[in-house]
1. Would you check if there is a residue in region 441-449 being surrounded by fewer than 17 Cβ atoms within 10 Å (Cβ to Cβ), more than 18 Å from PHE355 (Cβ to Cβ) and not assigned by TED's automatic domain parsing to the domain that holds THR319?
2. Among GLN138, GLN112, which is the only one that is under 16 Å from PHE167 (Cα atoms) and modelled with pLDDT under 95?
3. Please go through (1) within 26 Å of the chain's Cα centre (by Cα); (2) surrounded by 15 or more Cβ atoms within 10 Å (Cβ to Cβ) for ALA409 and return the number of the only condition it doesn't satisfy.
4. Take region 189-208 and flag every residue that is of a type in the set (Ser, Thr, Tyr) and either touching a helix residue (DSSP H, G or I) at 6+ places or on another chain (Cβ under 8 Å) or within 12 Å of the ligand (Cβ to nearest atom) (or both).
5. Taking the condition more than 16 Å from the ligand (Cβ to nearest atom), among the hydrophobic types (A, V, I, L, M, F, W, C), under 19 Å from PHE171 (Cβ atoms) and surrounded by fewer than 24 Cβ atoms within 10 Å (Cβ to Cβ), does ALA219 pass?
6. Got a sec? Which strands (runs of 3 or more DSSP E) wholly within region 1-103 have at least 3 residues that are in contact with a strand residue (DSSP E or B) (Cβ under 9 Å, 6 or more places away or on another chain), of a type outside the set (Val, Ile, Thr) and modelled with pLDDT of 85 or more?
7. One residue is enough: does region 261-268 have a residue meeting the conditions in the same structural domain as ALA327 (by TED's automatic domain parsing) and closer than 21 Å to LEU321 by Cα?
8. Could you identify the single residue in ILE224, ILE231 that is assigned to a strand (DSSP E or B) and either touching a helix residue (DSSP H, G or I) at 6+ places or on another chain (Cβ under 7 Å) or within 14 Å of the ligand (Cβ to nearest atom) (or both)?
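The values are calculated or read from the model by the stated rules, or taken from the named source; none is laboratory data. If you're wondering where the values come from, they're calculated on a predicted model, not measured in any experiment. Positions of Cβ are backbone-derived with ideal geometry, glycine not excepted, and every protein chain shown enters the neighbour counts. Side chains are part of the model used for accessible areas, which takes the heavy atoms of the whole protein and leaves out ligands, DNA and RNA. Shrake-Rupley method; radii C 1.70, N 1.55, O 1.52, S 1.80 Å.
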Amino acid sequence: MYECLRQRFRQIMAAKQFLSTVKYVAGTKPVFLLSEIAAYLDDPLTVGQMYAALQPHLAGFGLSALKTGEDYTISRPQQSPLYTLNTAEEKRLAAYLSLGSMPSVLEDAIEQYITRKTGKDWSDPIILERLRHAIVAQKDDYWKPADKRSLQYTKGYAVLGYLAYHFPVYFMQARYLFAQLARDGLLKRDMTVLDLGTGPGVMPLALEDFWRCLDNARATVSSIERSKENIEAFGALARSIATPDPQVTIEPPKEADITSPGDVLLPDRIDLMIFSNVLNELAGLPLAKRADLVMTYAERLAPDGTILIIEPAEEVTSTGLRAMSLALKKRGLSIYAPCTFVWGTNCTPDRCWSFQTAPSIRPTRIMNTLASCNEPFRYVNTDIKYSYVMLRKDGKVRTSCNIPKEMKALRLSKVHLNVGKRITVVAAKMSEDLGDKETHIFRLCDGSAEKPVYAMLPAFHIMPSNRELGIAPYGTILEIRNVLVRYNPDHDAYNLFVSRDTMVIPLVK
Ligand SMILES: C[S@@+](CC[C@H](N)C(=O)[O-])C[C@H]1O[C@@H](n2cnc3c(N)ncnc32)[C@H](O)[C@@H]1O
């Protein structure tokens, strides 16, 4: 037993010594062979052992390894420059975002794929009925608690239903997220992307489409997916829309379970890592284990890379995403967007239901055809509503907010002490309008509140001095002066009543 412990201790110390030696040598030489490190070590390691120990840290150290015979050449790859949009690209992007439909070539490809898989035209009444059945079953499943769901995508119709109902809206919503990354200068001229739980390739295909707005950007997208049916659909769609000399290289998806990918070969130095609508499906893993899983993948993230997690806007998954974001923040990642921690505190995410919206898409031909039945609303999915978080390793945040000393702003964690009083707060607008024509309601967050806080703006109180509350985009930090605090016992929440005397000033966008 003692000998065993001693040996384990020696192994840990040897690994530590090895890693610090690699760091040291990499600081003195731009290129070296891994075998050169052996000479510096007290306990000899083989090249294979050294590679196994180094591989998970390559991206974190900013290094890459190239197999060279029995050895590995270690070097510091040239960083691809960040990509800045030019004026023509910005205009193109604005026009692109105003399009309400999927590219027709993709819509055709989905129809052709359904036709080929079923052996009948996609608009055949039998096929439509089966698609309807698959869509309803998938939606019913979705509302069950995560551990009671049976979403496996192993059956053909589950994937065909997904293509008909979910794919179009997720494909279109991806545009807004890529646009945010592009406008914020987080894209690179040559990017490595990894999409985990890629399904039928929604994100890689959306990325390929989006990159056409960019003059000189290129990307390579790898992905992991466990369902063969999804991989087949992804391959067929990618082939159908392939163009000669594409800006984006879509690697064939790797069939694996993201919770235990085994020896699946994944890129190092990933610039953008995407978990789109997948983490909530890992029902067997508690939050802490899911956060650990993301952190394991984060080891492969380039030092200036971004992790993008997207979940449906539905309350449970959306709130779960906020809890996940905080767990990842506590593990050392920084939340780049959408949250701003105005007072530098950690938040209480348990009741944080916050999502972004965008204009609805135009229904596809399949949706319209499916809808010619008694319950048309069940088969048309056009609303874009999503919860997302962007995380970084380098501490970068989208908006930081320094509150001037002279500003007498109250933390939202203190509103309960000020019920019935008029106060000033600095907080981010974290929802679109949740109210109606008579009273506009917006969720507020400064990262400190323990209970939800909303700004309520009755329509007849809208004035030039407070209308920014309605106009400001999701995530904008607002100073809200002279607002009345009320407690809402029905929702155990606080409402800040905005009146004609209230001033709303955007501080940082
Ligand atoms: C809701 S779909 C999302 C697909 C795509 N990312 C999107 O946003 O449309 C979830 C996908 O994750 C896959 N998935 C779920 N758990 C997985 C796991 N443990 N390993 C690999 N893939 C998984 C499913 O097979 C499915 O294709």
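1. Among the residues of region 441-449, not one is surrounded by fewer than 17 Cβ atoms within 10 Å (Cβ to Cβ), more than 18 Å from PHE355 (Cβ to Cβ) and not assigned by TED's automatic domain parsing to the domain that holds THR319, which makes the answer no.
2. Details: GLN112 fails: modelled with pLDDT under 95.
Sole residue among the options that is under 16 Å from PHE167 (Cα atoms) and modelled with pLDDT under 95: GLN138.
3. (1)
4. Within region 189-208, just THR198 meets the criteria.
5. On the way: more than 16 Å from the ligand (Cβ to nearest atom): yes; among the hydrophobic types (A, V, I, L, M, F, W, C): yes; under 19 Å from PHE171 (Cβ atoms): yes; surrounded by fewer than 24 Cβ atoms within 10 Å (Cβ to Cβ): no.
So ALA219 fails the test.
6. On the way: elements: 31-33, 64-68, 71-75.
Passing ranges, in order: 64-68, 71-75.
7. First, pick out the residues of region 261-268 that are in the same structural domain as ALA327 (by TED's automatic domain parsing): 261-268.
Applying the additional criterion that residues be closer than 21 Å to LEU321 by Cα yields none.
There is no residue in region 261-268 that is in the same structural domain as ALA327 (by TED's automatic domain parsing) and closer than 21 Å to LEU321 by Cα.
8. Values: ILE231 fails: assigned to a strand (DSSP E or B).
After applying the criteria, what remains is ILE224.
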